[in-house]
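Q: Mind looking over this structure? Questions follow.
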Amino acid sequence: MHAKYPGVFSPIRLGPVELPNRFFFAPHGSALSAGTKPADDLVAYSAERVKGGGCGLVIVALAMHERGRTRQPVPHEAVNIPAFRVLTDAIHEAGGKIFGEPFYHWIGAGFWQPLSPPAPALAPSVRQFGHGGRAHSTRAMSRDEIARMIEATRETAANMAEAGFDGIMLHVSHAALIQQFLSPWFNERTDEYGGSLENRMRFLVESLQAARQGGGDNFAVGLRLNCDEQLDGGYGPETAREVVTRLVDQGLIDYIDLDVGLEPQQFRHGMPTGFEKAQYYRPWVEVVRSAAGGVPVFSVLGNLTSMADAEAALQAGVCDVIGAARQLIAEPDFVQNAREGREERGRTCIACNWCTAAGGEGAQGCAINPASYRDRLWGRHSYESARESRRVVVIGGGPGGMEAARVAAAKGHKVTLFEAREALGGALSLWAGLPGRGHYRAAIDWWAAELDRLGVDVRLSSAADEAVVLAEVPDAVIVATGATYSPGGRSITHDGDIPGSDQPHVLTPEEVLLGGVRPSGNVWIFDAEGYHTGTGIAEMLAEGGAGVRFVTAGYSPVSARNTDNWEEYYIVGRMKRAGVELVPTTWLREIGPDTVMLRDVHTGEARVEPADAVVLATGRVPQDALARALEGKVAQLFTVGDALAARMLAAATFEGQKFARAIGEPDAPASFADAWFSPDPLAVMPFPADVPRPAPAG
């Protein structure tokens with residue numbers, strides 16, 4: 001028995017399957033597929049969280065049918081069984097069990113063929129929904145289509161069992177198809193699949209029966225259930241309890257996973273941000289769980305980042321098996337660290353949800369752990385010492401610089417980091433000081449502790465120029481000096497200085513956040529990023545008594561990045577509650593001594609408003625002068641993050657790790673240009689899990 005976490009590190013039986021411990025890696029979209037097969041990257045990514053006494057169970061998200069694929073692999077196609085066998089073998093060899101969560105969802109309607117318009121979204125009834133700013137209407141399934149989807153469930157379960165999966169989790173949450181049949185809001189049918197609860201449960205019951213038939217006697221069958229739809233006309237906890245009771249009484253399930261949230265109506269519940277309280281699901285789970293009787297109850301509880309909290313929930317009987325997705329994305333060794341008593345070594349997920357928003361940028365990953373999703377290349381096995389130990393200088397202590405220094409030190413290099421400010425963190429520390437955003441500081445604290453543990457020579461309040469850097473006689477230099485806001489208000493709306501921007505009452509975000517300037521009276525904030533800086537300053541100044549007007553050229557006060565990571569609801573709500581007036585589809589033409597001249601971006605019509613202060617949270621300009629001065633003067637020179645080009649947090653940490661790994665290695669790039677103008681190596685490309693990779697050249 002584990003002395004500190006006896007509940008977590010005890011086995012539990014789910015029907016025919018016994019888990020070695022009670023912490024699971026929860027299903028989530030990963031995009032780690034090669035066509036409809038699991039990629040070898042999914043194998044490495046999943047196994048990384050099991051090896052060394054980690055998660056007792058991995059549950060991977062799968063598509064129920066190849067037509068409705070949402071970047072997830074598809075076990076419905078029998079030709080994919082060998083690739084899935086590679087995945088399941090890897091989990092079993094690591095000491096864990098593996099379930100799959102095949103689902104069909106209206107957002108992932110799929111396509112008729114490559115580049116065709118989308119196929120119809122199937123649903124119990126015709127319903128309207130929107131995703132990605134686009135409106136859609138569903139197709140009400142016929143009885144024949146229902147029967148075919150149930151048969152697809154049976155075939156999928158049979159293929160999963162043949163591929164070595166230990167069980168299946170049917171998705172009856174997040175507005176997936178089975179939940180829609182269960183829901184009185186989504187389901188308006190008048191046949192045997194609609195109306196009464198018994199009829200609305202019919203598709204669920206028949207799907208569970210099909211999964212049981214397909215999977216066989218040694219295959220655990222369960223589901224993920226939404227405890228409360230939180231919709232007028234939807235079902236609530238009492239109905240959820242009745243559903244669970246009936247399923248248990250009929251002996252249909254070996255376990256049940258409880259959560260809340262619909263997609264896209266309540267994306268913010270499915271992946272609770274740092275603005276939401278921890279364990280958001282817990283009140284609903286506590287209401288519904290007792291209906292399960294002796295059937296084990298799973299839950300992620302919502303934004304769980306502490307193993308002590310997980311143990312407490314198990315001891316309190318809130319659930320019998322507990323898990324996480326994002327915490328394990330941020331820290332693959334979360335369970336291993338708890339088992340071995342080294343929890344201080346682990347990252348804490350900051351719930352920024354880049355792991356979900358990345359898809360909008362054509363990317364995938366974790367903002368604070370760029371190795372995540374790239375575990376095959378950058379996992380724990382990859383920190384062997386570089387071929388040659390080098391003297392490395394990093395300039396800038398923001399996320400990109402800290403990650404570069406950490407990785408370089410972990411690879412055996414002697415590292416010095418210069419930071420001009422009094423503390424580490426860079427722009428992320430400015431965000432962490434804004435209202436409601438303190439949870440971002442956890443990442444800074446972790447990096448600082450790692451740099452100390454690894455022996456990095458951190459020099460705070462030390463601005464480094466060319467002479468200072470060269471005096472260190474470095475073999476490699478990484479410049480992570482960030483970006484600053486354009487003092488003239490250059491932006492995507494008008495890439496030029498705004499007349500009047502040089503007046504003393506016109507401020508940059510740095511003057512507010514670093515300089516401590518707190519304008520009052522009529523304050524106008526012009527925001528062209530739609531991210532945390534401008535919105536946080538608006539909330540802060542309004543709470544301080546200023547009359548704040550927040551101006552954007554678009555219709556929304558936030559960008560797609562804050563929509564795709566589910567923070568929009570909270571950010572905009574906080575601004576409104578603080579009294580901020582939102583002024584959309586408007587931009588700044590000119591700034592007077594005590595006025596601003598605004599223009600409507602569609603009609604060009606101008607108006608003049610009184611202004612006591614103006615804050616220009618517009619475009620950011622890379623601060624790369626030092627990097628340019630050092631060109632040709634060190635053997636390896638890399639610029640990373642905003643100093644290379646102003647982008648999102650994840651770009652800085654990714655580049656910090658990528659270029660730190662190039663130091664001291666043979667045939668490695670010597671500069672950003674070397675890397676940019678070289679073809680991607682075959683090693684970074686995903687391969688189907690059952691296709692052997694070619695041996696490296698040489």
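Q: Could you tell me whether region 621-635 includes any residue that is of a type in the set (Lys, Arg) and in a strand (DSSP E or B)?
A: So far as region 621-635 goes, no, none of its residues is of a type in the set (Lys, Arg) and in a strand (DSSP E or B).
Q: Looking only at region 312-328, which residues are touching a Phe, Trp or Tyr at 6+ places or on another chain (Cβ under 8 Å) and either touching a residue at least 60 places away in the same chain (Cβ under 8 Å) or aliphatic (A, V, I, L, M) (or both)?
A: Of everything in region 312-328, those that are touching a Phe, Trp or Tyr at 6+ places or on another chain (Cβ under 8 Å) and either touching a residue at least 60 places away in the same chain (Cβ under 8 Å) or aliphatic (A, V, I, L, M) (or both) turn out to be CYS319, ASP320, VAL321, ILE322, GLY323, ALA324, ALA325, LEU328.
Q: Same structure, new question: So which residues in region 595-608 are surrounded by 13 or more Cβ atoms within 10 Å (Cβ to Cβ) and either hydroxyl-bearing (Ser, Thr, Tyr) or touching a residue at least 60 places away in the same chain (Cβ under 8 Å) (or both), if there are any at all?
A: The answer is THR595, VAL596, VAL601.
Q: On to the next question. Kindly list the number of the only condition in (1) touching a strand residue (DSSP E or B) at 6+ places or on another chain (Cβ under 6 Å); (2) touching a residue at least 60 places away in the same chain (Cβ under 8 Å); (3) closer than 20 Å to GLY547 by Cβ; (4) of a type outside the set (Lys, Arg) that fails for GLY592.
A: Failed condition: (1).
Q: Okay, moving on. Kindly indicate which of ALA371, ALA357 is modelled with pLDDT of 95 or more, of a type in the set (Gly, Ala, Ser) and closer than 26 Å to ARG71 by Cβ.
A: After ruling out the rest, the residue left standing is ALA371.
Q: I would also like to ask the following. Look at GLU384 and say whether it is out of contact with any strand residue (DSSP E or B) (no Cβ under 7 Å at 6 or more places or on another chain) and touching a residue at least 40 places away in the same chain (Cβ under 8 Å). Walk me through how you get there before you give the answer.
A: Numbers: out of contact with any strand residue (DSSP E or B) (no Cβ under 7 Å at 6 or more places or on another chain): yes; touching a residue at least 40 places away in the same chain (Cβ under 8 Å): no.
Judged against the criteria, GLU384 is not a match.
Q: Between residues in region 1-14 that are over 15 Å from GLY167 (Cβ atoms) and residues that are hydroxyl-bearing (Ser, Thr, Tyr) and assigned to a loop (DSSP other than H, G, I, E, B), which pairs lie under 9 Å by C-beta distance while being six or more apart or on different chains?
A: Listed pairs, sorted by first residue: MET1/SER10; HIS2/SER10.
Q: Now for a separate question. Are there any pairs, at least 6 apart or on different chains, whose C-beta atoms fall under 7 Å, with the first in region 281-308 and crowded, with 18+ Cβ neighbours inside 10 Å and the second among the β-branched types (Val, Ile, Thr) and assigned to a helix (DSSP H, G or I), and if so, which?
A: From residues that are crowded, with 18+ Cβ neighbours inside 10 Å, the pairs are VAL288/VAL244; ALA291/VAL244; ALA291/THR245; ALA292/VAL244; ALA292/VAL248; VAL295/VAL248; SER299/VAL285; LEU301/VAL285.
Q: Can you tell me which residue among GLY362, GLY398 is in contact (Cβ under 8 Å) with a residue 24 or more places away in the chain, of a type outside the set (Lys, Arg) and out of contact with any strand residue (DSSP E or B) (no Cβ under 7 Å at 6 or more places or on another chain)?
A: Only one candidate passes the filter, namely GLY398.
Q: Something else about it: In region 446-471, which residues are closer than 19 Å to VAL407 by Cβ and among the β-branched types (Val, Ile, Thr)?
A: Result: VAL456, VAL458.
Q: Name, by its number, the condition in (1) of a type in the set (A, V, I, L, M); (2) over 27 Å from ALA351 (Cα atoms); (3) in contact with a strand residue (DSSP E or B) (Cβ under 7 Å, 6 or more places away or on another chain); (4) not in a strand (DSSP E or B) that does not hold for VAL608.
A: (4)
Q: Out of all the residues in region 669-690, which are among the aliphatic types (A, V, I, L, M) and modelled with pLDDT of 95 or more? Let's see the steps before the verdict.
A: To start, the set of residues in region 669-690 that are among the aliphatic types (A, V, I, L, M) comprises 670, 673, 675, 682-685, 689.
Correct list: ALA670, ALA673, ALA675, ALA689.
Q: Same structure again: Name the residue, out of ARG67, ARG85, ARG71, that is surrounded by fewer than 24 Cβ atoms within 10 Å (Cβ to Cβ) and assigned to a loop (DSSP other than H, G, I, E, B).
A: Every option except ARG71 fails the conditions.
The values are calculated or read from the model by the stated rules, or taken from the named source; none is laboratory data. All values derive from a computational prediction rather than experimental measurement. Because the Cβ atoms are built from the backbone with ideal geometry, glycine has one as well, and the counts that use them run over all protein chains shown.
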